[in-house]
Amino acid sequence: MYDTRFVGGSVPRPDAPDKAAGKALYIHDLIRPGMLYGKIKFSDHAHARIIHIDTSRAERLAGVRAVVTGYNTPEIRIGFIKDNFALKKGKVRQYRDEVAAVAAVDPDVAQEAVDLIRVEYEELPGVFDPEEAMAEGAPLVHETDPRGRPKVDNMVPVPWKFEAGDLESAKRSAAFIAEGRYETPLIQQSCMGTAGCIAEFDLQNNLIIHTKTQIPFLAQNDFNQALAAMGLRGKRTRVIVPTLGGSFGTGLDTHGYEYIAILLAYKSGRPVKIVLTREEEFTALSPRQPTRTHIIQGCDAAGRLAFREVRMLLDNGAYTSWGATTPSVMMLPISSLYRVPNVFYEAKIVYTNNTYCQAMRGYGNPQAAWALECNIDQLAETAGIDPYEFRQRNANVPDEITPMGLQITTCGLDRCLDTVAEKLDWKRKRGKGGARGVGMASLFHVGGSGRVYRSDGTGVIMKLDDFGCVSVLAGGVEMGQGFISALSLTAAEALGVTPDRVSVLTGDTATCPWDVGTHASRGAFTAGNAAIMAARKAREQIFQLASEHFMPRVHANLKRRRKRDPDFELPDFNYERLCDPSEFELRENVVFLKEEPENPMLRVPLEEILRAAHYKEQGTMIVTEAFYDPCNQMLDARTCRGNMSATYIFGTQGAEVEVDTETGRVRILKFVAAHDVGRVINQQTIKGQIYGGVVQGLGYALCEEYKSREGRNLNPNFLDYKILSAPDLDFPIEIECIETHDLEGPFGAKGVGEPGLVATAPAVANAVYDAVGVRITDLPITPEKVLAALKRKKERP
Amino acid sequence: MKKTIRFVLNGYEVTAEVAAHKMLLEVLREGFQLTGAKEGCGQGECGACTVLVDGLSVNSCLYPILEVEGRSVTTVEGLLGEGNRLHPIQEAMVENGGIQCGFCTPGIVMSAKALLDEIPLPDEARIRRGIGGHLCRCTGYVQIVESIRRAAEKMAAQGERDS
Ligand code: FES
Ligand code: FES
């Protein structure tokens, strides 16, 4: 436990006033001199051969400055395994495939020009269902792999398999077994600020790109590769991240539109802006991948989990992005949520002619939790044990090593379960019928970053100025989650200044230190730790300077005092101590002697020391840096074992619902979320993360679904793709942050960005089951599905 | 075809040469460089573009520019007092965690203003209805509703003191 002054409080975020005033600048608000507007021509087919692209009429349109296709630009490969291209040649594999693009002096002209482009296709049979895509003779989405070797099936070459213990014998000896099949739909992240970028070149042909991303430094690398493909090898990229209107995983990869803006900017010699419309955001960004899960779990007679068998099928869509790596995170709860000795998990990922998928907040965990936590309720029922009691009996404990090799340090799962049960009045309300019910579900996720890349590092630079203020330059990205707030409080706390003295600067690869990306709920955790390390170095230097500055200063002060007041008695100082750096402390912007914190003679404002350092002979300044790379491990590619995160988070959520048996409508009466957060950094922002997560999770549970027919999205707008609005949430949401004080976390904190939505949907589904005895297995839990299930139940009780 | 229109924008008389088919949002953002009102959808579904026209909140992305002739338009920029003093609603949003990514914020602030101008002390359900036309993906609305409630209380107390 740390004694803190600022960490743990409840304070407004530093970026809020500008946002409240409408002054924060999002990509939509940025204008560069001479800027052109880019527009993309997307495919008209889900799967077709491109015969010919006629851009001549677009090129002749007044106001058009550049037109690009895959045929008049160098090939730029993109994506996690480079099976995608910025502009398509030869064939389109999904409706969102980019076949051409224009840059024009205004958006209307750009649109008109795109409409003038004619593409001749030869349609090919498509495949839209992942099971059909695996069948013999299914049309091939890719005829060759990224290296050009012929492909014989639609399997994405990223297989996932984890095995521990002896599944078969555990199955034979289990007292109770429950089996289920669960599905989740595509989900659009639905950032309120759509995606976009402005690409431009300086006169040395270095690229400057303002873009909506969570990975400025990895994007920099991607764009450098694109420059090399364009014949600009050795040229540099500077990525600048504007204020983000949400991100939720959309910014974890670079996108076709960014490369297209780059190509257009190079061709036209002008800055080119591409901002997606809301419809394009739906149809041309990568949603959260859909899953089909077959799960079997078993326990012994006492209700102790014996085994878990999970087989999953993921629809990759036409190309491969980070969505294909989400099974690595799904594996965490599947192997390690509750103590279960025998585990089998396999995930297959299949190409189809659907939109290709990405990761979204939770990184696969919501899909895994959906199957897992619904099936736990099934198993508890089979075993005749209350599901809350069943979870408690199997709950993880501190200092446990799981079959996957995850080293659980702190663990608040039992407290999370108790809190939810208590707040829901579980004992009184469970199993009472009357179309009302309560349900709960738990979660397990990375809380100390997650090593998905070889590095899991993050840099922080601390720069102190003449006025005792600190610039904290960080490689992480603020996308609304409160990164800047958490980092400024952590930095202030660690350094010994007040938070108002700290400015956090992010989002510019030219000035900020390297960071692998803002994902895996890692921002505040890793940057906070780096800030603590950088602050430690700064304090050493400050105390060194203090030890040089104090004595002459105190001396001069005393002399001056003596002059004014001849009767003044020289106090009895231990002057030696004033020359010893280890004797000093810095707190709330004042440097003082540890032993005499209140002595006014021995308190010097930080700025005085810094200024003296700048102005003295052979002066100096204080700029420190630190690179924090957590003590976690990358998964072993073969065994899928490894301690992926430096610490893990737990949480339990619960719902009380009422089901209208006439309409099938599920009404939430109360929602409760208890999360092991390690330590709260800012009460206000952490609650915001959990509330926001819960409401996204409730949308996942009840209404969100990206619908497609034969690869074409049918609901690319917020009337048809329903996300929850304020009047829908006419029930209390109660949050409890359980503090477990993790030793690896900055001041004990664990990551909190994602977990808010992980357990939400199964908690609701379990409550619906308690209320009316029907189990909905495919999300969302719509009134139609509930009604149909009620009807089935009546027919075959 | 261009037309000249006159209206009051954030308290000042302005004129603008506009293409007749333009919507108010585009003219505000591009013509007047008032980028506080956001385009979240451009089709009346998200409320990010909300401004006040004669005191009523409207989706400016669907509000034909010719309709503002002779009217008074207030954008989020118009709420800021001298010396960058935030309006009590904006201040409450800052103080109570009503803002995350902030993209929805200017629109919600304007609807909250229209609501509190009409009903000084709305109950929670009324506040939720009052911002029912807005989508926020980040906050789950809890702290936004709380912010508006606090702003209402503060403004009411202020009003009593002033009168
Ligand atoms: S931009 Fe006007 S309602 Fe969405
Ligand atoms: S704060 Fe991000 S959409 Fe509302």
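The values are calculated or read from the model by the stated rules, or taken from the named source; none is laboratory data. On a predicted model such as this, the values are computed, not experimentally measured, just so you know. Because the Cβ atoms are built from the backbone with ideal geometry, glycine has one as well, and the counts that use them run over all protein chains shown. Protein only, heavy atoms only, side chains kept; ligands, DNA and RNA dropped before computing areas. Shrake-Rupley method; radii C 1.70, N 1.55, O 1.52, S 1.80 Å.
In region A:584-618, whose amide N lies under 13 Å from the spot 7 Å out along Cα-to-Cβ of A:Phe467? List them in ranges.
Zone members listed by number: A:607.
How big is the charge dipole of chain B about its Cα centre, in debye rounded to the nearest 20, if each Lys and Arg gets +1 on its Cβ and each Asp and Glu gets -1 on its Cβ? Please report the intermediate quantities before stating the final value.
Numbers: 17 positive and 21 negative charges, 55 e Å.
The calculation lands at about 260 debye.
For the protein assembly as shown, with only Lys/Arg (+1) and Asp/Glu (-1) charged at the beta-carbon, what is the dipole magnitude about the Cα centre, in debye rounded to 20?
Numbers: 110 positive and 123 negative charges, 214 e Å.
So the magnitude is around 1020 debye.
First measure r as the distance between the Cβ atoms of A:Arg561 and A:Glu540, then evaluate 1/(1 + (r/R0)^6) with R0 = 25 Å and state the FRET efficiency to the nearest 0.05. Present the calculation step by step, with values, prior to reporting the outcome.
Details: r = 31 Å, r/R0 = 1.24.
With R0 = 25 Å, the Cβ-Cβ based efficiency is 0.20.
When Lys and Arg each count +1 and Asp and Glu each count -1, what net charge do the other residues less than 10 Å away from A:Pro130, Cβ to Cβ, add up to? Please report the intermediate quantities before stating the final value.
Working: positive: A:Arg292, A:Lys348; negative: A:Asp129, A:Glu131, A:Glu132, A:Asp315.
Neighbourhood net charge equals -2.
Give a residue-ordered list of calculated ³J(HN,Hα) values for region A:570-575 (Karplus: 6.51 cos²θ - 1.76 cosθ + 1.60, θ = phi - 60°; whole Hz; x for Gly, Pro).
5, x, 8, 9, 8, 5
Divide by every residue of chain A the summed helix terms, -39500 (n - 2.57) for each DSSP H run of at least 4, and state the resulting mean residue ellipticity at 222 nm, rounded to the nearest 500 deg cm²/dmol. Provide the component values of the computation, followed by the final result.
Working: 20 runs with 234 residues, N = 797.
For chain A, the value works out to -9000 deg cm²/dmol.
Quick check: net charge around A:Leu313, other residues with Cβ under 12 Å of its Cβ, Lys/Arg +1 and Asp/Glu -1? Walk me through the intermediate numbers first.
Values: positive: A:Arg181, A:Arg292, A:Arg311, A:Lys348; negative: A:Asp129, A:Glu131, A:Glu132, A:Glu183, A:Asp315, A:Glu346.
After counting each charged neighbour, the total is -2.
Can you give the average number of partner chain beta-carbon atoms within 10 Å of each beta-carbon in peptide A:269-278, as a whole number?
1
A:Arg304 versus A:Asp3, label points 7 Å from Cα toward the beta carbon: distance in nm?
It works out to 4.4 nm between the two label points.
Work out which residues of region B:85-111 lose at minimum 30 square angstrom of accessible surface when the other protein chains are put back, relative to the chain isolated, with a 1.4 angstrom probe, and list them by number.
SASA drop of 30 Å² or more in region B:85-111: B:Leu86, B:Val94, B:Glu95, B:Ile99, B:Gln100, B:Cys101, B:Phe103.
Would you mind computing, in nm to one decimal, how far apart the modelled labels at A:Thr511 and A:Glu59 are, each placed 7 Å from Cα along Cα→Cβ?
It is 4.2 nm.
By accessible area of protein heavy atoms, probe 1.4 Å, what ranking do A:Thr382, B:Thr105, A:Thr283 get, highest first?
Numbers: A:Thr382 70, B:Thr105 0, A:Thr283 40 Å².
Descending accessible area places them as A:Thr382, A:Thr283, B:Thr105.
Kindly compute the accessible surface that chains B and A hide from a 1.4 Å probe when together, both sides summed, and give it to the nearest 100 Å². Walk me through the intermediate numbers first.
Working: alone 8880 and 30940 Å², together 36230 Å².
Accessible area lost upon association: around 3600 Å².
Around A:Gly22, under 15 Å between beta carbons, what's the net of Lys plus Arg minus Asp minus Glu among the other residues?
Working: positive: A:Lys19, A:Lys23, B:Arg29, B:Lys38, B:Arg85, B:Lys113; negative: A:Asp15, A:Asp18, A:Asp29, B:Glu39, B:Glu77, B:Glu91.
Spelling it out: positives minus negatives among the neighbours equals 0.
What's the center-to-center distance, using Cα atoms, between region B:45-96 and region A:418-437 in Å?
Taking the Cα centre of region A:418-437 as reference, the centre of region B:45-96 is 44 Å away.
Roughly how many Å² is the accessible area per residue of region B:82-158, as a whole number, for a 1.4 Å probe? The partial results should precede the final answer.
Numbers: 2770 Å² over 77 residues.
Accessible area per residue: 36 Å².
For A:Lys151 and A:Lys707 in the same chain, what is the full-extension length gain: residue separation times 0.36 nm, less their Cα-Cα distance, in nm?
Numbers: separation 556, 0.36 × 556 = 200.16 nm, distance 2.91 nm.
Additional length available on full extension: 197.3 nm.
Using the charge dipole of chain A (Lys, Arg: +1 at Cβ; Asp, Glu: -1 at Cβ; taken about the Cα centre), state which of A:Pro341, A:Leu702, A:Asn205 has its Cα farthest towards the positive end.
After comparing all options, I get A:Asn205.
Using only alpha carbon pairs under 8 Å that are at least six residues apart, calculate the relative contact order of chain B and give it in whole percent.
Values: 288 pairs, mean separation 36.6, N = 163.
This gives 22 percent for chain B.
Charges on Cβ only, +1 for Lys and Arg, -1 for Asp and Glu, centred on the Cα centroid of chain A; of A:Thr740, A:Ala359, A:Ala178, which one is farthest towards the dipole's positive end?
Of the candidates, A:Ala359 comes out farthest on the positive side.
Determine the alpha carbon to alpha carbon distance for each of A:Lys559/A:Lys616; A:Lys563/A:Lys616; B:Lys113/B:Lys154; A:Lys429/A:Lys670 and list only those over 19 Å. Don't skip to the answer; put the middle values down first.
Working: A:Lys559/A:Lys616 21 Å; A:Lys563/A:Lys616 26 Å; B:Lys113/B:Lys154 13 Å; A:Lys429/A:Lys670 12 Å.
Violating the 19 Å Cα-Cα cut-off are A:Lys559/A:Lys616; A:Lys563/A:Lys616.
Work out how much length A:Ser503 to A:Tyr575 would gain on full extension: take 0.36 nm times their residue separation and subtract the Cα-Cα distance, in nm to one decimal.
Working: separation 72, 0.36 × 72 = 25.92 nm, distance 3.58 nm.
So the extension gain works out to 22.3 nm.
Could you calculate the contour length gain from A:Arg118 to A:Ile31, that is, 0.36 nm times the residue separation minus the distance between their Cα atoms, to one decimal place in nm? Walk me through the numbers before you get to the answer.
Numbers: separation 87, 0.36 × 87 = 31.32 nm, distance 3.05 nm.
Result for the pair: 28.3 nm of gain on full extension.
What is the calculated FRET efficiency for A:Asp129 to A:Lys161, with r their C-beta to C-beta distance and R₀ = 25 Å, to the nearest 0.05? Each step should come with its number before you reach the end.
Values: r = 23 Å, r/R0 = 0.91.
For R0 = 25 Å, the calculated efficiency reads 0.65.
Could you work out how far the C-alpha centroid of region A:257-312 sits from that of region A:54-92, in angstrom?
24 Å
Go ahead and run the numbers for FRET between A:Arg792 and B:Tyr12, Cβ-Cβ distance against an R0 of 60 Å, rounding to 0.05. Show your work: numbers first, answer last.
Working: r = 65 Å, r/R0 = 1.08.
Working from the Cβ atoms, E equals 0.40.
Once you place label points 7 Å from the Cα toward the Cβ at A:Ser455 and A:Leu719, how far apart are they in nm?
Going by the 7 Å Cα→Cβ label model, 4.9 nm.
Between region A:640-690 and region A:460-494, how many Å separate their Cα centres?
If you average the Cα positions of each part, the centres end up 28 Å apart.
Which one, A:Ala520, A:Ile484, A:Leu473, is farthest towards the positive end of the dipole of region A:457-628 when Lys and Arg carry +1 and Asp and Glu -1 on their Cβ?
Checking the options against the dipole of region A:457-628, the answer is A:Leu473.
Find the relative contact order for region B:2-76 and round it to a whole percent, using C-alpha pairs within less than 8 Å whose residues are 6+ positions apart. Intermediate values should be presented prior to the final figure.
Working: 150 pairs, mean separation 28.2, N = 75.
This gives 38 percent for region B:2-76.
Run the accessible area of the protein assembly as shown with a 1.4 Å probe and give the carbon-and-sulfur part as a rounded percent.
Values: 17610 of 36230 Å².
Reported share for carbon and sulfur atoms: 49 percent.
Whole number in Å², please: accessible area per residue of region A:648-769, 1.4 Å probe, ligands, DNA and RNA not counted. The partial results should precede the final answer.
On the way: 3320 Å² over 122 residues.
Result: 27 Å² per residue.
About its Cα centre, how strong a charge dipole does region A:457-628 have in debye, to the nearest 20, once Lys and Arg get +1 and Asp and Glu get -1 at the Cβ? If you can, show how the numbers build up before the last one.
Numbers: 19 positive and 25 negative charges, 51 e Å.
Value, rounded to 20: 240 debye.
Would you compute, from DSSP H runs of 4+ residues alone, the mean residue ellipticity of chain B at 222 nm, taking -39500 (n - 2.57) per run and dividing by the full residue count, rounded to the nearest 500?
Numbers: 4 runs with 50 residues, N = 163.
Here the helix-only value at 222 nm equals -9500 deg cm²/dmol.
For region A:655-743, what is the relative contact order in percent, using Cα pairs closer than 8 Å and at least 6 residues apart in sequence? All intermediate terms of the calculation are to be shown ahead of the outcome.
Values: 101 pairs, mean separation 37.0, N = 89.
Rounded, it is 42 percent for region A:655-743.
Relative to the longest principal axis of the C-alpha atoms of chain B, give the angle of the C-alpha long axis of helix B:105-118, reported between 0 and 90° and rounded to the nearest 10°.
Roughly 70 degrees between the two axes.
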